[in-house]
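Below: the structure, in C-alpha cells.
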Amino acid sequence: MSTYILWDIDGTLIYNTPSAGALYLDSIEQVTGVRPTEPVKDPHGMTEGQLLLAILEVNGLDQGRLGDVLYQLDVLSREQHERGHVRDACIGAQAAIAAVAEGGWTNALLTGNGPNRARYKLLAAGFDPEDFDWEHSYFGHESPTRHHLTAGARSALAGHDAVIIGDTPNDGLAADSAGIPFIAVATGIYSADQLLPTSALVVVDDLESGLPAVLRAIETAATPAAEDPGLEEFGENPDVELSAAE
Ligand SMILES: [Mg+2]
C-alpha cells in the first residue's frame, strides 16, 4: 500500500496568470472560426473539458467540437513551450514536493489539465516532471466535472491511501465526493478564510509557511498499512479469497 499525494497544478503548484485563458480562446477560434466573447461564470476548479464545453455553450458554439479543441490546445501548448514560455512556481512548492518524497509518500497529479499541458506547465515553472508518478496521476481534460475526475482516481487507487492538495472549494467538494482527504492552500484566487469552510484537514496560506502543517496532515490522513489491509492483501482475485475466508 502506498500513499499518493495528488497535487492540483493551477493555483497550487503554479501561480495562475491573467493570460492563462487566452490559449483556450485561441484553440476555440482556430477550430470554430469564432473567437468566444462571452465569459464563463466561476471557472475556478473546473476541469479543462468542463470549462471548454462551458465556453462553447455560452457562446452558442458546437460542443461536439470539444475533441478538436482539446487537440488544438495541445498543439498551442507545445508551441508556447517551444517559445520558452515561463511560469512561476508557487512559493514553497518545490520544497514541498521534495519533503513529500522524503516522507516516503508518492507525488502524483490530479488536475483539470490534460497530461501534455500538465507536463509543459510543470517544465515552464521549473519542476522536474519525473518527480511525479504519471502512472498514478489523473487528468480531467475529458472529465465533465471534477467529481468525475476524483471518482476515477479513487477507484484506480483502491487499496491505497490518497490525499488531494488543491486551492479551490471545488477541489474540496470533489475530494469529499470521492472520500479522499483534502488539504487546501491559499495561493490561488481563494483566501485561507474562503477555504476554511471546506472539509480541508488543514488550510495553509502557502506551501512555505504551511509546510509543517501540511506534512502533519498527510501523516494523520495516511492509514498505516497494518491497520487497513485493503484489497491488495487478498491477492489478484479478491472474491475467491474472501469467500474462502468466510
Ligand atoms: Mg487549482
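Derivation of every value follows stated rules applied to the coordinates shown; laboratory data play no part. Everything quoted here is computed from the prediction, not taken from an experiment.
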From the phi angles alone, apply the Karplus equation (6.51, -1.76, 1.60; θ = phi - 60°) to region 31-47 and give each ³J(HN,Hα) in whole Hz, x where the residue is Gly or Pro. 7, 9, x, 10, 8, x, 10, 8, x, 8, 6, 6, x, 6, x, 6, 6
Dimensions in Å of the chain - Rg and Dmax from alpha carbons: 18.9, 63
Using modelled amide H (1.01 Å from N, peptide plane; none on Pro or chain starts), what sits under 5 Å from the amide H of Asn107, excluding residues fewer than 5 places away? Ile5, Asp133
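Rg to Rh for region 18-82: what is it, with Cα atoms only and Rh by Kirkwood?
Ratio of gyration radius to Kirkwood radius for region 18-82: 0.93.
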Size descriptor, Kirkwood hydrodynamic radius, that averages inverse alpha-carbon separations across region 112-152, Å: 10.9
What does the helix-only formula give at 222 nm for the chain: each DSSP H stretch with n ≥ 4 adding -39500 (n - 2.57), the total divided by the residues, and the result rounded to the nearest 500 deg cm²/dmol? -12500 deg cm²/dmol
Contact order relative to length of region 1-159, as percent, for alpha carbon pairs under 8 angstrom and 6 or more apart: 33
Bins of 10 Å from zero: percent of alpha-carbon pairs in region 1-44: 21, 37, 26, 12, 5
